[in-house]
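In what follows, a structure is listed as structure tokens, so that the remarks can point back to it.
The values are calculated or read from the model by the stated rules, or taken from the named source; none is laboratory data. All of these numbers come straight from a predicted model, not from anything done at the bench. Methodologically, a virtual Cβ is constructed for each residue, glycine included, from the backbone with ideal geometry; neighbour enumeration extends over all protein chains shown.
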Amino acid sequence: MGNLVEIRWHGRGGQGAKTAALLFADAALNEGKNVQAFPEYGPERMGAPVQSFNRISDDPINIRCGIESPQVVVVLDPTLMNIVDVTAGLPEDGILLINTSEEPSEVRKDKSVSGRRIFTVNASLISKESIGRDIPNTPMLGALIKATGLINYERMLKDTKAKLEKKFKSKPEMIDGNIKAIQRAYEEVKSE
Amino acid sequence: MSKIVAKTGNESMAEAMRQINPDVVAAYPITPSTEIVQIFSSYVADGLVDTEFLAVESEHSAMSACIGSAATGARTMTCTASQGLALMWEMLYIATGLRLPIVIAGVNRALSAPINIHCDHSDTMGIRDSGWIQIYSENAQEGYDNLIQAVKIAEECCLPAIVTTDGFIISHGMESMKLLEDKEVQDFIGDYKAPYTLINPQKPITVGALDFTDYYFEHRRSTAEAVLQAKDKIIKVSQEYSHLSQRKYELFEEYRLDDAQMAIVVLGSTAGTAKVVIDELRSKGIKAGLLKIRVYRPFPAEELAIVLSKIPAVAILDRADSLSTMGGPVFIDIKSALYNLEKRSKLINYIYGLGGRDTTLHHIREVYQDLQNILDTGKIAQSIKYLGVRE
Amino acid sequence: MKKLPNWKELPMGGLILEAGSAENYKTGGWRSIKPIHDKDKCINCLNCWIYCPDSSIIVEDGKVVGINYEFCKGCGICAHECPPKVAAISMVEERR
């Protein structure tokens, strides 16, 4: 399992951290990858810090325990960084992708993050402008693909569009909005 | 051609139930199996199945309704977990005694108290002497495959069967898996023709009659025989399914056991985690292996003894404690299975993962380290241990 | 003594495959008091036939002709249900 990639998502209850992991797994599956997506289940309620996880691999995935040292951490809500150690278990060369209006260097300074490769994108703003609501998980998929190169961007866009067309038959504006959000996040994600 | 999809364990079991299209499902929802009932009832509402769905007021009623239904010759299923299975307990024995092939899509969850919704095997281990066929699954794929097989196994044995996945770890984790075509599933399970049915004016029968001292023993003896005969039927159905699905199913799975000096025996999802550690150890030249029990009831004692007798040091991992001071139920069973052998392996027991405690690669490595110490010294320092508990 | 079937000879699941097998189980021996039917007093209202829990009132052509003592448990319901003015059934001690 040399090509196994593990991802941890941080969000708040109701923010779609679980859905993001499911969507990402689905996208990877469409590329012929083996996938796992699972949430952490606790006594969380709306707004409480929650986590969800992905494993993506070219080989079948047998491992069934929690993820302790992910190569990638995605933070859906930057305010979580004041209460949760989002870098826990993330190696020095790991990727930290954050939904925030700040630049990576600002986050590094404000939250005193050492090492790691920091990426930021204002997914909440993108979501509000393209979908009309703050649902950062969809644009974060675009940013995650740009930051990690884990799956093929064009193909993911095509698959997502097909899926949205099925889901929002009566609301075509939702399809375009979501696709635009992914595209913008892919283009606007910033690295150091 | 089978298609690769991403599904949670619960979705995979609900999908299997849709393809099975049972005549009757009577169920009461309980975490973490709720989604199975929820998804399946939407199939009923959408007309995707022909099933008569009974939303009952408790699990005791669910199993009672299943018994009534199965006695009429209807293909009958339900879903449950934990306290729900415990509440069914009284009726479970009646399903066996009446030889009714009811199938439960089960999800393993700890028993109260303290109340806990996460995985361990205490619930199904609590019904291990009820005569129900018990099949454990490592992942969502196996949950799906085992549930389809269980229908045929139960009907051929005239015994009830439960298939389980590990709560949350599998039930709520999404992963890649393959589905059969609806027709393949239907052709595999075939039509169910019950040997006797309650509602047949041409051939009236009595179900559930009273036995005195003069008959009860004989009836229990005949049920014991059915369980004894079940093993060969399970092997046959598993072979047929392996052929159909191109996925191998046996009473238990041997993973890198051929020349193994030490092995772990485990049920359910932790087998997958153990495989990762085994690959790691094998790459370092350490002869480690795994035996994953799939069919726990009837217990494949003779088959296990043949395989395990060749391995000098064996660790049995139990995700349930028997609270008997003798270790976990699987450990007790395996010890019994090996007792009459000339040459016996060194056995140790670990109670692990109670109430959903994560069992990581570190824990499994620790077990193999203990086994290595036993091989080196020839001594067992402590035969029953608790793995991953705060001491 | 009749030889009982062994476990291999029994139908599975404790099922009874023969209809009306209760007929093979004679309950007359349970009786300590016995109903005696008086044809002369009887008005054939058939109350006793309706109420008898063991179907032990023998009726032919709409008339009570006797009592099946192989199954009658001696409960006395027939005597109780017989209209008081008629009193065609009386209960007597079994052993006398």
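Structure summary
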quantity: The range A:117-142: number of residues that are surrounded by fewer than 17 Cβ atoms within 10 Å (Cβ to Cβ) and more than 16 Å from the chain's Cα centre (by Cα); calculated: 4
quantity: Selection from the range B:1-25 of residues that are among the hydrophobic types (A, V, I, L, M, F, W, C) and either over 20 Å from the mean Cα position of the chain (by Cα) or at pLDDT below 95 (or both); calculated: B:M1, B:I4, B:V5, B:A6, B:V24
quantity: Residue ranges of strands (runs of 3 or more DSSP E) in the range A:1-74 with at least 1 members within 11 Å of another protein chain (Cβ to nearest Cβ) and under 15 Å from the mean Cα position of the chain (by Cα); calculated: A:34-39, A:49-57
quantity: Unique match (being among the small types (G, A, S), within 14 Å of another protein chain (Cβ to nearest Cβ), under 21 Å from B:T76 (Cα atoms) and under 11 Å from the mean Cα position of the chain (by Cα)) among B:G106, B:G143, B:G131; calculated: B:G143
quantity: Residues that are in a strand (DSSP E or B) and surrounded by 13 or more Cβ atoms within 10 Å (Cβ to Cβ), drawn from the range C:41-60; calculated: C:I57, C:I58, C:V59
quantity: Residue count for the range C:20-40, restricted to those that are aromatic (F, W, Y) and loosely packed, with under 10 Cβ neighbours inside 10 Å; calculated: 1
quantity: Within the range A:146-162, considering residues that are free of Cβ contacts under 8 Å to residues at least 60 places away in the same chain and out of contact with any Lys or Arg (no Cβ under 9 Å at 6 or more places or on another chain), the one nearest to A:G11 (Cα to Cα); calculated: A:K146
quantity: For C:K3: the one exception among (1) at pLDDT below 95; (2) within 13 Å of the chain's Cα centre (by Cα); calculated: (2)
quantity: Residue count, the range A:82-106 (criterion: touching a helix residue (DSSP H, G or I) at 6+ places or on another chain (Cβ under 8 Å) and at pLDDT below 95); calculated: 0
quantity: The range B:1-22: number of residues that are small (G, A, S) and assigned to a strand (DSSP E or B); calculated: 1
quantity: Subset of the range C:6-36 [of a type in the set (V, I, T) and at the interface with chain B (Cβ under 8 Å from one of its Cβ atoms)]; calculated: C:I16
quantity: Hits in the range B:75-94 - residues which are more than 25 Å from B:I170 (Cβ to Cβ) and either within 14 Å of another protein chain (Cβ to nearest Cβ) or crowded, with 24+ Cβ neighbours inside 10 Å (or both); calculated: B:Y93, B:I94
quantity: Options B:A315, B:A337; residue that is in contact (Cβ under 8 Å) with a residue 12 or more places away in the chain, part of a strand (DSSP E or B) and within 27 Å of B:E142 (Cα to Cα); calculated: B:A315
quantity: Strands (runs of 3 or more DSSP E) enclosed by the range B:236-306 - at least 2 residues per element that are surrounded by fewer than 23 Cβ atoms within 10 Å (Cβ to Cβ) and of a type in the set (D, E, K, R); calculated: B:252-255
quantity: Residue in the range A:162-172 that is loosely packed, with under 15 Cβ neighbours inside 10 Å, in a loop (DSSP other than H, G, I, E, B), touching a Leu at 6+ places or on another chain (Cβ under 9 Å) and of a type outside the set (F, W, Y) present; calculated: no
quantity: Residue pairs meeting the criteria (Cβ under 8 Å; at least 6 apart or on separate chains; first crowded, with 24+ Cβ neighbours inside 10 Å, in the range B:110-121; second basic (K, R) and in a loop (DSSP other than H, G, I, E, B)); calculated: B:C119/B:R109; B:C119/B:R319; B:D120/B:R109; B:D120/B:R319; B:H121/B:R319
quantity: The listed residue being among the small types (G, A, S), within 26 Å of B:V295 (Cα to Cα) and not assigned by TED's automatic domain parsing to the domain that holds B:V295, out of B:S64, B:S42; calculated: B:S64
quantity: Single condition B:T223 does not satisfy, out of (1) more than 14 Å from chain C (Cβ to nearest Cβ); (2) closer than 28 Å to B:C66 by Cβ; (3) buried (at least 20 other Cβ atoms within 10 Å of the Cβ); (4) not aliphatic (A, V, I, L, M); calculated: (1)
quantity: Qualifying residue in the range C:64-85 (condition: touching a Gly at 6+ places or on another chain (Cβ under 8 Å), among the hydrophobic types (A, V, I, L, M, F, W, C) and crowded, with 18+ Cβ neighbours inside 10 Å); calculated: yes
quantity: Hits in the range B:344-379 (condition: free of Cβ contacts under 8 Å to residues at least 60 places away in the same chain and in contact with a strand residue (DSSP E or B) (Cβ under 6 Å, 6 or more places away or on another chain)); calculated: B:S345, B:K346, B:L347, B:I348, B:N349, B:Y350, B:I351, B:H363
quantity: Identity of the residue in the range B:210-220, within 7 Å of chain C (Cβ to nearest Cβ) and outside any helix (DSSP H, G or I), that ends up farthest from the chain's Cα centre (by Cα); calculated: B:D214
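Okay, residues lined up against (1) within 16 Å of A:E187 (Cα to Cα); (2) crowded, with 22+ Cβ neighbours inside 10 Å; (3) touching a strand residue (DSSP E or B) at 6+ places or on another chain (Cβ under 9 Å):
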site	(1), (2), (3)
A:L76	no, yes, yes
A:T87	no, no, yes
A:L90	no, no, yes
A:D93	no, no, yes
A:S105	no, no, yes
A:G115	no, no, no
